[in-house]
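Step one of this worksheet: look at the structure below.
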Amino acid sequence: MTQPAFALSHTLLAAANALGEVESGRSLTDALARQRPDVRPGAQALAFYAMRHWGYASALRALLVERAPSNPVLLGLLGLSLCLLDVAMQGEERDADAPSYSAHTLVDQSVSAAQSERSLLPFKGLVNAVLRRFQRERDTLLARIAGDDAARYNHPAWWVDALRRDYPGQWEQLLQVDNAHPPLTLRINPRCATRELVMQAFADAGLASAASGEAGLVVLDPRPIASLPGYAQGWWSVQDAGAQLAAPLLDPKPGMRVLDACAAPGGKAAHLLELADIELTALDVDAQRLDRVGQNLARLGLMHKNVRLVSADAARPHAWWDGRAFDAVLADVPCTASGIVRRHPDIRWLRKPGDIGHTVRLQRQILDALWSVVAPGGKLLLVTCSIFPEEGEMQAKWFLSRHREAVRLAAPGQLLPCAPGPDDPAGHDGFFYALFSRPAAEAAPA
Ligand SMILES: C[S@@+](CC[C@H](N)C(=O)[O-])C[C@H]1O[C@@H](n2cnc3c(N)ncnc32)[C@H](O)[C@@H]1O
């Protein structure tokens with residue numbers, strides 16, 4: 001990724017703005033959406049790279065600037081420029097997909113970026129001094145941060161400690177998967193396409209792809225989604241291979257009444273509708289996100305009269321339930337999203353240790369409420385995109401101890417994130433799956 005130098009200061013500034021917003025608690029996706037459209041793609045590439053190296057960048061910045069700057073854009077610019085300058089100084093050793101600029105260009109353009117933003121103007125000299133000192137003292141500075149877990153693994157230290165405790169044999173590998181660039185994985189829509197048709201259309205457009213799992217496809221030459229063949233026709237959806245397991249686990253059959261209780265943006269809801277002519281209620285507490293469910297289903301040709309979109313709190317069924325029980329309920333409950341960090345590298349920096357307890361409580365409220373709407377003989381699928389056991393196996397055990405009539409059926413349990421390999425071009429994100437059924441006729445008390 002090489003850009004003309006004249007544009008680099010603008011791109012650096014947009015990326016620094018977005019990174020500064022993440023420092024202030026906003027998601028990177030939202031922060032990038034607020035940047036100028038002409039520099040957004042370049043800024044996104046730089047900001048994603050920086051987030052995957054933020055532990056390292058922040059540790060260096062802390063050594064080079066005595067007091068942490070209170071200006072979030074300055075924090076963003078210093079961290080980003082340090083990451084990129086380090087790559088520039090790695091020479092032959094740098095990763096093939098790392099942004100490559102000369103050290104001279106980077107220092108010059110970082111100072112220009114500071115010069116072009118009013119709030120950064122007073123710090124122009126600081127940016128210059130920090131980057132030049134890094135150039136002079138790189139080896140010594142790197143030696144000083146070598147023992148720092150957050151810098152070494154590019155995750156917060158509490159997160160590294162949690163994985164070390166929960167996955168003693170795998171924690172380093174899990175952290176590595178989080179830091180790798182994820183593949184672009186698609187799910188074919190069997191209502192209007194086959195995998196062969198899509199692969200042929202990609203090949204005709206000069207794009208390599210590879211089959212993955214039951215219905216998946218990996219795009220080996222990723223491009224902007226809307227420019228890929230078949231997007232407008234609804235031939236496929238973007239969905240990680242791990243997420244593609246959800247809908248088949250509920251085994252939808254024609255005529256079944258299905259509830260997707262946390263549906264937005266609609267990936268799993270669409271998959272359910274692709275598999276059978278069901279009656280679907282798609283619920284989400286966030287009305288704006290629910291709009292995206294409607295848009296996604298419409299693009300895929302799945303927005304039929306048997307689909308009901310409802311904006312409501314799944315934990316309060318009295319507000320949205322008509323009293324008719326569901327044959328299948330998908331509970332893709334809100335979680336820390338610790339399993340999808342390779343696709344959303346900001347998540348690790350946005351989360352705080354206390355967030356796990358909060359999501360666990362919320363999940364329990366939702367699960368309790370949803371169990372009450374499952375028909376006798378019906379199923380409830382608990383899904384999280386988390387690898388923290390508190391949101392996975394511990395939650396499934398809690399559910400069984402609370403709802404003793406529930407029967408646990410076969411499901412993958414904890415699926416740990418996995419990098420693409422020779423036998424599996426997609427790899428997958430981290431998910432937890434537990435499937436429960438309500439006995440058809442509950443035994444009468446003796
Ligand atoms: C993991 S996402 C769901 C992803 C979705 N199932 C898919 O496959 O595209 C979790 C969703 O739960 C929604 N949510 C959070 N709390 C909720 C609640 N109390 N009731 C209903 N939806 C909720 C969020 O707005 C978010 O869209």
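The values are calculated or read from the model by the stated rules, or taken from the named source; none is laboratory data. Keep in mind the model is a prediction, meaning the values are calculated, not measured. Note that each Cβ is placed from the backbone with ideal geometry, even for glycine, and that neighbours are counted across all protein chains shown.
Are any of the residues in region 399-415 closer than 27 Å to A150 by Cβ, at pLDDT 95 or above, among the small types (G, A, S) and in a helix (DSSP H, G or I)?
Taking every residue of region 399-415 in turn, none turns out to be closer than 27 Å to A150 by Cβ, at pLDDT 95 or above, among the small types (G, A, S) and in a helix (DSSP H, G or I).
Against the condition without any contact (Cβ under 8 Å) to a residue 24 or more places away in the chain and within 12 Å of the ligand (Cβ to nearest atom), how does D221 come out, does it pass?
So D221 fails the test.
Which of the numbered conditions does R152 fail, given that it passes all the others? Conditions: (1) out of contact with any helix residue (DSSP H, G or I) (no Cβ under 7 Å at 6 or more places or on another chain); (2) surrounded by 14 or more Cβ atoms within 10 Å (Cβ to Cβ); (3) free of Cβ contacts under 8 Å to residues at least 60 places away in the same chain.
Looking at each condition in turn, R152 falls short on (3).
Among the residues of region 261-271, are any more than 16 Å from the ligand (Cβ to nearest atom) and surrounded by 16 or more Cβ atoms within 10 Å (Cβ to Cβ)?
no
Among the residues in region 356-378, are any farther than 24 Å from S401 by Cα and in contact (Cβ under 8 Å) with a residue 60 or more places away in the chain?
no
Where the second residue is of a type in the set (S, T, Y) and the first is without any contact (Cβ under 8 Å) to a residue 12 or more places away in the chain and lies in region 383-407, which pairs have Cβ atoms under 8 Å and are six or more apart or on separate chains?
Close Cβ pairs satisfying both conditions: none exist.
What about G323, is it more than 9 Å from the ligand (Cβ to nearest atom) and within 26 Å of the chain's Cα centre (by Cα)?
No; evaluated as a whole, the condition is false for this residue.
For region 201-227, enumerate the residues that are modelled with pLDDT of 95 or more and under 20 Å from Q295 (Cβ atoms).
The answer is none; no residue qualifies.
Keeping to region 326-358, report how many residues are within 14 Å of the ligand (Cβ to nearest atom), more than 25 Å from A180 (Cβ to Cβ) and part of a helix (DSSP H, G or I).
1
Are any residues in region 360-393 under 20 Å from G242 (Cα atoms), more than 13 Å from the ligand (Cβ to nearest atom) and assigned to a helix (DSSP H, G or I), and if so, which ones?
P389, E390, E393
Given the criteria surrounded by fewer than 20 Cβ atoms within 10 Å (Cβ to Cβ), modelled with pLDDT of 95 or more, assigned to a loop (DSSP other than H, G, I, E, B) and out of contact with any Lys or Arg (no Cβ under 8 Å at 6 or more places or on another chain), does G125 qualify?
Here the answer is no, as G125 does not meet what is asked.
Among all residue pairs at least 6 apart or on different chains, which show Cβ distances below 7 Å where the first residue, located in region 87-98, is touching a residue at least 24 places away in the same chain (Cβ under 8 Å) and the second is β-branched (V, I, T) and surrounded by 14 or more Cβ atoms within 10 Å (Cβ to Cβ)?
A98/V87
Filter region 227-260 for residues that are among the acidic types (D, E) and more than 18 Å from the chain's Cα centre (by Cα); which is nearest to the ligand (Cβ to nearest atom)?
If we take residues in region 227-260 being among the acidic types (D, E) and more than 18 Å from the chain's Cα centre (by Cα), then D260 is nearest to the ligand (Cβ to nearest atom).
Which of (1) within 26 Å of A369 (Cα to Cα); (2) part of a loop (DSSP other than H, G, I, E, B); (3) more than 9 Å from the ligand (Cβ to nearest atom) is the odd one out, the single condition H318 does not satisfy?
(2)
Out of all the residues in region 9-50, which are closer than 21 Å to R289 by Cβ, in contact (Cβ under 8 Å) with a residue 24 or more places away in the chain, small (G, A, S) and surrounded by fewer than 22 Cβ atoms within 10 Å (Cβ to Cβ)?
G25, S27
Of everything in region 287-302, what is closer than 15 Å to W235 by Cβ and near the ligand (Cβ under 9 Å from one of its atoms)? Give them in sequence order.
Result: N296, single match.
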